[in-house]
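Bear in mind that the values in this text are calculations on the coordinates, not laboratory data. Given the structure is predicted, the values throughout are model-derived calculations rather than measurements. Cβ coordinates were reconstructed from backbone atoms using ideal geometry, including for glycine residues, and neighbour counts include every protein chain displayed.
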Amino acid sequence: MTTVLLTGFEPFGGDPSNPSGEAVHLVASRWSGPETLVTAVLPVTFGGGAAAMRELIAEHRPDVVVAAGLAGGRAAVGVERIAVNLVDARIPDNAGAQPVDAPSVAGAPPAAFATLPVKAITGALSAAGIPAELSHSAGTFVCNHVFFTAMDTAPAGVRAGFVHVPWSAEHAPSADAPTLPLHDIARALEITVRTSLDTGVDAAVPGGAIH
C-alpha cells in the first residue's frame, strides 16, 4: 500500500492560526484514498519540528512526503525547489530558540533539491485556478529546517518536498494581507499530493528566475 505523509505547522510569530496545519486537518477529514494518508501538525521549533519529521518518516516509511508551512505575505502557493542546510532565525521559534548561522544537519551537503515533481505541481495548481509559483527559497526558519531534514531523512526513491501557503482568508492578520480561502489551500495540498503520486517525470518547462 502506498503511504503519503502530509504535515503542516502550529501557529507561530504571534499569528492566531496557521493555515498549513488547518488545511492538513481538512485534507485528512475528506481523504478517500486509495493511498494511506498520514497527517501531522508539527511544532514550530527547530528541535521539535525536525525530530517529529524524522520520527514520522521512520515510523510510517512513506512513499511521498509533502510538508507545508505558512509564508505570510506571499500571494501564491510556493512550491519549494531547494532546501538549504542553514538555520538563521530572524525571530525566535515557539520554544524561544533563535539559532544563527547554524547547519540544519551537521556534515550534510549545503543544499538539497526537492524530489517532488515541482514544475508539474506548479502547473497543476495554476490549471486548477490556484495562484502558484515555483520558489527557489524556503527561507532559513523552521520551515526550511524541516524541509532539509525531510530531504536528509527520506530514503532514496521517496518523493519529498515542501509547499508554502499564504494566510487563509478566514484568519488574515489584516484586511489588505494577501490570502487564499482555506478550502483552496487544502485543495492545493490535495493537488500537490495527487500530482506527486501520478507524475512519473517532472514537466520539462522553464521554471528559473532572473533575480
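So what is the relative contact order of the range 58-163, in percent, for Cα pairs below 8 Å that sit 6 or more residues apart?
45
Rg to Rh for the range 51-116: what is it, with Cα atoms only and Rh by Kirkwood?
We get a ratio of 0.97 for the range 51-116.
Mind giving me the nanometre distance, one decimal, between the label points for Ala106 and His183, set 7 Å out from Cα along Cα→Cβ?
Distance between the two pseudo-spin positions: 5.0 nm.
For the range 22-30, just list the computed ³J(HN,Hα) in residue order, Karplus coefficients 6.51, -1.76 and 1.60, θ = phi - 60°, integers in Hz, with x standing in for Gly and Pro.
Once θ is set to phi - 60°, the couplings for the range 22-30 become 5, 5, 4, 4, 5, 4, 4, 5, 10 Hz.
Glu10's amide H: which non-local residues (gap 5+, or another chain) put their own amide H closer than 5 Å, with H modeled 1.01 Å from N in plane and none for Pro or chain starts?
Leu42, Val44
DSSP loop (so not H, G, I, E, B), at most 15 other Cβ within 10 Å: list which trypsin sites (Lys or Arg not before Pro) in the range 1-102 pass both filters.
Arg90
Regarding the range 131-191, what whole-number volume in Å³ per residue does the convex hull of its Cα atoms give?
Taking the convex hull of the Cα positions in the range 131-191, it is 115 Å³ per residue.
Quick one: grab Rg to one decimal and Dmax as a whole number for the range 1-57, Cα atoms only, in Å.
Every Cα atom of the range 1-57 included, Rg and Dmax give 12.3, 40 Å.
Rounded to two decimals, what is the ratio between the C-alpha radius of gyration of the range 102-147 and 2.2 N^0.38 Å?
Rg over 2.2 N^0.38 Å, computed on Cα atoms: 1.42.
With a 10 Å cut-off between alpha carbons and a GNM built on the chain, which of Ser196, Ser168, Ser137 moves the most?
Judging by the Gaussian network model, the answer is Ser137.
What number, in percent, do you get for the relative contact order of the chain if the mean sequence gap of Cα pairs under 8 Å and at least 6 apart is divided by its residue count?
RCO, the chain: 28 percent.
Could you tell me the ratio Rg/Rh of the range 10-91? Both radii from Cα atoms, Rh via Kirkwood.
0.95
Could you bin all the Cα-Cα distances of the range 87-211 into 10 Å bins starting at 0 and give me the percent of pairs in each, rounded to whole numbers?
Cα pair-distance distribution for the range 87-211, in percent: 11, 34, 37, 17, 1.
To check you understand DSSP bridge types, tell me what percent of the beta bridges within the chain (both residues inside) are antiparallel, rounded to 5.
About 25 percent, rounded to the nearest 5.
Please report the Cα spread of the chain along all three principal axes, rounded to whole Å, starting with the longest.
That gives 44, 39, 39 Å along the principal axes, largest extent first.
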